[in-house]
1. What is the one condition in (1) modelled with pLDDT of 90 or more; (2) under 28 Å from residue 96 (Cα atoms); (3) surrounded by 15 or more Cβ atoms within 10 Å (Cβ to Cβ) that residue 30 does not satisfy?
2. Please list, ordered by residue number, the strands (runs of 3 or more DSSP E) wholly in segment 74-181 having 1 or more residues that are at positive phi.
3. Does residue 61 qualify as being touching a strand residue (DSSP E or B) at 6+ places or on another chain (Cβ under 6 Å), assigned by TED's automatic domain parsing to the domain that holds residue 121 and more than 21 Å from residue 169 (Cβ to Cβ)?
4. Could you check segment 165-193 and list, in sequence order, the residues that are crowded, with 22+ Cβ neighbours inside 10 Å and either more than 25 Å from the chain's Cα centre (by Cα) or at pLDDT 90 or above (or both)?
5. Quick one: what pairs do we get from segment 98-122, first residue outside the structural domain of residue 37 (by TED's automatic domain parsing), second buried (at least 24 other Cβ atoms within 10 Å of the Cβ), C-beta under 9 Å, 6+ apart or different chains?
6. Out of the residues in segment 261-273 meeting the condition of being in a loop (DSSP other than H, G, I, E, B) and in contact with a strand residue (DSSP E or B) (Cβ under 6 Å, 6 or more places away or on another chain), tell me which one is surrounded by the fewest Cβ atoms within 10 Å (Cβ to Cβ).
7. With the checklist (1) surrounded by fewer than 19 Cβ atoms within 10 Å (Cβ to Cβ); (2) within 22 Å of the chain's Cα centre (by Cα); (3) touching a residue at least 12 places away in the same chain (Cβ under 8 Å) in hand, flag the one item residue 287 doesn't pass.
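The values are calculated or read from the model by the stated rules, or taken from the named source; none is laboratory data. These figures come from a predicted structure and were not determined experimentally. Neighbour counts are summed over all protein chains in view; Cβ atoms, including those assigned to glycine, are modelled from backbone coordinates with ideal geometry.
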């Protein structure tokens, strides 16, 4: 089995962050979201991974190539995002006649895809799609199932949903999906939709099975989704301190990277602090991730994601914030008030 992981698109819902970095590279618990997908497919035994790239191709290649993976990775440029089915057609040469799992690179599943891959291998359907129960199915692509759990119909954002089972964004396919993608027409968005390709399989009497995701799943397409995914991942971390703490209090499950120095501060987990950071006279509260090479002084931060190279000095209390790389936040007139910030890379903010 091969894997096709999508890491393209413009990430408009995450701007301004995505003006300067690919959305799948935004870190959750100090790891790019894309890496969770790569790890999941390697866990099920995939040895050949194709990564679909778009606007920030070189950035994706550089980041992924910085790690030694237990799989061969091929980068496939899609260009303009013209739909998930279009991505499959772009990758046709890479996929060949092999079965594959297609994984949207901005998804995170708590329990990975091992169980679902086993089900695909056991049942041998033409496609197996991952579904999860949601409270507002009208906001998603929704599957209608028959009594045996087989997929009868897919409906995109229906006003009257036939079920509360939403498509997760992870699919297992036999090679016939390529034929399906070639036989559909662009949607009203002028994209080749994967839901239309799967519906083509159903209409042509190919077997499409469903597999239900039981643990949590997050699509990290919006700032609040990144923060929620960060909370969920941090719930499962194990404490590890490779830094140096001076006159400080560390409470709960906290990960501190090498060469990080913490002085006169309180760190309360679950949280993760990267390497080569400096935390002075500050409070780092639960559900916070601080990247590498950051400097935090005279500041309280809680329930936030701070990316590499950021410097936050005398900035009061920062909560529920998503702060990009190399951001400088400084408050000269210290006041005990909270700020909610979503800042792009290389910003320089004086409060």
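1. Here residue 30 clears every test but (2).
2. 165-173
3. Details: touching a strand residue (DSSP E or B) at 6+ places or on another chain (Cβ under 6 Å): yes; assigned by TED's automatic domain parsing to the domain that holds residue 121: yes; more than 21 Å from residue 169 (Cβ to Cβ): yes.
It is true that residue 61 is touching a strand residue (DSSP E or B) at 6+ places or on another chain (Cβ under 6 Å), assigned by TED's automatic domain parsing to the domain that holds residue 121 and more than 21 Å from residue 169 (Cβ to Cβ).
4. 170, 171, 172, 173, 177, 180, 181
5. Pairs found: none.
6. Among those that are in a loop (DSSP other than H, G, I, E, B) and in contact with a strand residue (DSSP E or B) (Cβ under 6 Å, 6 or more places away or on another chain), it is 269.
7. (1)
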